[in-house]
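For reference, the structure discussed in these notes is given below.
Bear in mind that the values in this text are calculations on the coordinates, not laboratory data. Here the structure is a predicted model, which means the values were calculated and not measured. Cβ sites come from the backbone with ideal geometry, for glycine too, and all protein chains shown count toward neighbours.
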């Protein structure tokens, strides 16, 4: 985390002015400058309160770096409140470390200004090899060989997964079964109708199987097929050669 | 111009980055450092008053750069674009690394008061800093330093061109090494 770039994972959301402060020290310096107080004799209680109020206003109080600084300020504030004996030589100013860090940071900020200015000046001079990023050029005219296109299309088609929906597995015709059924009927009766062969509720596969079986038997002269009237039911008659046999 | 000056001029024109004295010397092994410097001075003088470009000493080398006054016009015409500005966080980190190098991430974090890992990664990616060595401390942390690109983007010739800390209005010198204390 570089600057207080924060996101509330809960989605409640708070937006921080990203570049405004690059860290708790930056914010602290800002407050000190705003109040025009002496950095080496920091009014810690006042600054700590301001710091807390700003980070809660900006939603920074959820950023660890800022929270840590807030805790540090409060600790120093508490230490300053502890009574101490007059003329205590052993007493160390609890603010000393923070002041040192602030001064150090302030120095860095001054260098940042200097570096930023130097970079700005430098950026106004272009070197020979510098190539600006090209503007959004229109797409190049399409040049494509028909064979390439077809090959590409084939590759794409090959990649398309075969749809698995409604895959119908055809049931094979059961001609043998139908033949056996017809032969059984022939053994019983000399003549019978088409409806006796297929029965009720026959599927199209059953009908086809029976029909092919009948044609086959007729071809072998086992039966004689006749239709007494147009569109009338087919009549199956046991063939005479069978009787002879 | 002398033949050597013309040769250097051609090389500097062709190069897209600053060329160091050693690099320029490789063009003509017979030329000594003095001759090279004299030739560079000759080129610089030839361009100085009345050319749109000038020979600039930068990043421990020399490079032809356009004069500042044309920046805006050139940029408006989109013949060249200024590089994006570095963020304050990046500049802070660069400043600390430039002055404290070789320096580890922890020290940068400490001075800035925030985690600087992401900024350091970005600066590494842009080639403005590099890993110089490893520290002695726990886990032998990586120590970073600035690269010639850092000097180049700031238009500096060497790190000595950076302001000295004593010159800054905030007086805080680097803590003296222990062995220098009395």
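Tabulated results
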read-out	value
Residue-averaged beta-carbon neighbours from other chains (10 angstrom radius) around B:21-33	0
Alpha-carbon centroid distance for the pair the range B:14-90 / the range B:125-158, whole angstrom	23
Relative contact order, percent, the range B:88-180 [alpha-carbon distance under 8 Å, six or more residues apart]	24
Computed FRET value (nearest 0.05) for residue A:154 with residue B:14, which takes r as the C-beta separation and R₀ as 45 Å	0.40
Tilt relative to chain B, helix B:33-47 - C-alpha long axis, 0 to 90 degrees, to 10	70
Rounded tilt (10° steps) of B:88-100 against the dominant C-alpha axis of chain B	90
Relative contact order, percent, chain B [alpha-carbon distance under 8 Å, six or more residues apart]	17
The range B:1-85, relative contact order [Cα under 8 Å, separation at least 6], %	28
Calculated [θ] (222 nm, deg cm²/dmol) that DSSP helices of n ≥ 4 give over chain B, each run adding -39,500 (n - 2.57)	-12000 deg cm²/dmol
Relative exposure of B:4, A:82, A:28, B:165, judged by other C-beta atoms within 10 Å (fewest first)	A:82, B:165, B:4, A:28
